[in-house]
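Heads up: the structure comes next, in structure tokens.
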Amino acid sequence: MTAPHSAHAVTGQSIEPVVLRTDPVRLLRFGALTHNAHRIHYDPVHAASEGLDAPVVMAQLHGALLFRAAAEFAGGPSGVVSVGWRNRAPAYVGCELVVTGVVGEIADGLVTLELREHTGDGVLCAEGEAVVVAHADPVC
């Protein structure tokens, strides 16, 4: 296995994008795992009654995607120290979500990633940062 990207990080370096196509089954499963049964995630009529155009992706799924991007950069989940994010706009079930980012600060053996998640058509859904170990061992 190759070394994690974090082992050779350079400030301003782009990370590999993480892409997820959302769909009703994926959302149902994620909701079951996270004990989130709110009807805005699967019921179009209820979502509309809450002022939404359609069922929406769970807030925690945005964070999970940012974590996935950080873990891939770090060479595995054990290299992720922390992830934080803010949801900015709803993502509707059926959309494509793309996490991109750049290396921010590198200090004391840690790399800070500045992360953004957009829908496939460019809507900013979440932004945040992750801290990963600069020299994580590859996960086999």
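The values are calculated or read from the model by the stated rules, or taken from the named source; none is laboratory data. Fair warning: this is a prediction, and the values are worked out from it, not measured in the lab. Here the Cβ is made from the backbone with ideal geometry for all residues, glycine too, and neighbour counts use every protein chain on show. Side chains included, ligands, DNA and RNA excluded: accessible areas come from the protein's heavy atoms. Shrake-Rupley method; radii C 1.70, N 1.55, O 1.52, S 1.80 Å.
Ligands, DNA and RNA left out, the 1.4 Å accessible surface of the range 20-108 is 57% carbon and sulfur atoms. At a probe radius of 1.4 angstrom, the accessible area of the chain per residue rounds to 54 square angstrom. Taking the longest Cα principal axis of the chain as reference, the axis of helix 24-33 is set at about 70 degrees. Based on the reciprocal of the average 1/r between different C-alpha atoms, the Kirkwood radius for the chain equals 15.6 Å. For Thr100 and Ser78, what is the calculated FRET efficiency with R₀ set at 22 Å and r taken between the beta-carbons, to the nearest 0.05? Calculated transfer efficiency: 0.45.
Against the main long axis of the alpha-carbon atoms of the chain, helix 59-74 sits at an angle near 20°. Among Pro90, Pro44, Pro55, the residue with the largest mean-square fluctuation in a Gaussian network model of the chain, with springs joining Cα atoms closer than 10 Å, is Pro44. Relative to a virtual label point 7 Å from the Cα of Val123 in the Cα→beta-carbon direction, which members of the range 54-82 show backbone nitrogen distances below 11 Å? Those under the cut-off are 54-57.
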